[in-house]
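The values are calculated or read from the model by the stated rules, or taken from the named source; none is laboratory data. Since we're looking at a predicted model, the values are computed, not measured. Don't worry about glycine lacking a Cβ; one is built from the backbone with ideal geometry, like all the others, and counts go over all protein chains shown.
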């Protein structure tokens, strides 16, 4: 507190001790919280979570691109060779059981094209020996 008589600042020692105790308490809380944040940051860096997130997003985009390639370019070229031209909806019935082999073949071709694209990109472009 400011002493008007002496013109000097006087410090109440009890208040100062209380303030120091509070400061230590808050400092410990802040250290603990920043410790958790630091651990989280280390976790993100150690397991390369950001790279994994980017790879996942690119994988989803590539999947949509390849699916569009298969559905809109490759399949229309194959369709004339299939009976009735609607092979993706083709089914085979065994009594009450209906097997949708057309959609399975479509998904299989999709998978093969995606696997081939990944093989070409990873093996041939990035791992040149």
Odd one out for residue 73 among (1) more than 25 Å from the chain's Cα centre (by Cα); (2) surrounded by 10 or more Cβ atoms within 10 Å (Cβ to Cβ); (3) under 30 Å from residue 103 (Cα atoms)
(2)
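Conditions (1) under 24 Å from residue 119 (Cα atoms); (2) surrounded by 11 or more Cβ atoms within 10 Å (Cβ to Cβ); (3) modelled with pLDDT of 85 or more, marked per residue:
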| residue | (1), (2), (3) |
| --- | --- |
| 23 | no, no, no |
| 32 | no, no, no |
| 36 | no, no, no |
| 54 | yes, yes, yes |
| 66 | yes, yes, no |
| 80 | no, no, no |
| 92 | no, no, no |
